[in-house]
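Report on one structure; see the data block that follows.
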Amino acid sequence: MSLATTMDVRRWLDESADSAPGTVLQPFLDDATEEVKRVTGRDWDAFGPVTETFPAIRQGDLLTLKDENPSGLTVRAYLTPADSGRDLQTAEYSLHPLGRLRLVRDVEAFAERAPAFPRRRGGLGDALLSVDVKPVSYDRVVVTYTASNEVPAPVREAVALTAAAMYRQRGQAVAGIKGEKIGDYSYTRSESDGKAVSLIPPEAMARLELYMGAGKVGRGQIIF
């Protein structure tokens, strides 16, 4: 499913191309959709139940899901490869905007072991915390949820902008450019050191900045 419409693409084309039939624009729109999904790691056209697996996770980590507004979340953690796993309680994780899930670290356990030490930045409590409180590490964490099937407006615009850029480039032959073909039409992909560079133009990439990093893990810290 395309994340934008041919009408969205026409908004970014000049008058001479504004009359391009939808059947001509649609292949570029489909490819632009796949490019945006590839670069961001997101999957906005997912429908129904989704399962994502994150290997080598520890408490405090921030997991970026492919869907920015998931529902019916289940988070199952496995301590070892052979472990049968355990569903985490809602108090053990928190869901943040843009589909970012943080595993909560067990601060209470430290409070029980050393209640007399003050928790202030740079104090003795901080020194002990860095030594004594070790986040639990998991072999993997599996997150299951229901996809929202929602496409944010900035993403829709980015896809349309990319499709329009691909349409304008069709048939060009420029040094350092690799040709691609869609049906009877072709567009171009820049290359650097033999590796393909994203087709997404800068103005479209700026709209995607908030949505990058799906499937990745950010290491967390406890801050007092």
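Just one of (1) buried (at least 20 other Cβ atoms within 10 Å of the Cβ); (2) free of Cβ contacts under 8 Å to residues at least 24 places away in the same chain fails for Asp87. It is (1). Look at (1) in contact with a strand residue (DSSP E or B) (Cβ under 8 Å, 6 or more places away or on another chain); (2) surrounded by fewer than 18 Cβ atoms within 10 Å (Cβ to Cβ); (3) in contact (Cβ under 8 Å) with a residue 12 or more places away in the chain and you find that Glu52 fails only one, number (2).
Does Pro55 meet the test of being at pLDDT 90 or above and under 13 Å from the mean Cα position of the chain (by Cα)? Spelling it out, it is not the case that Pro55 is at pLDDT 90 or above and under 13 Å from the mean Cα position of the chain (by Cα). Cβ separations smaller than 7 Å between residues 6+ apart or across chains give the following pairs from region 142-171 residues that are assigned by TED's automatic domain parsing to the domain that holds Arg10 to residues that are part of a helix (DSSP H, G or I) and of a type in the set (Phe, Trp, Tyr): Val155/Tyr211; Ala163/Phe28; Met166/Phe28; Tyr167/Phe28.
Scanning region 134-156 for residues that are of a type outside the set (S, T, N, Q), touching a strand residue (DSSP E or B) at 6+ places or on another chain (Cβ under 7 Å) and surrounded by fewer than 16 Cβ atoms within 10 Å (Cβ to Cβ) returns Val136, Asp139. When residues in region 69-104 are screened for being part of a loop (DSSP other than H, G, I, E, B) and either under 23 Å from Lys134 (Cα atoms) or modelled with pLDDT under 90 (or both), 10 of them pass.
Before we move on, is Val24 under 27 Å from Ser137 (Cα atoms) and either at pLDDT below 90 or touching a Leu at 6+ places or on another chain (Cβ under 7 Å) (or both)? So Val24 fails the test.
The values are calculated or read from the model by the stated rules, or taken from the named source; none is laboratory data. Since the structure is predicted, the reported quantities are computational estimates derived from the model, not experimental observations. Quick reminder, even Gly has a Cβ in these numbers, built from the backbone with ideal geometry, and neighbours come from all protein chains shown.
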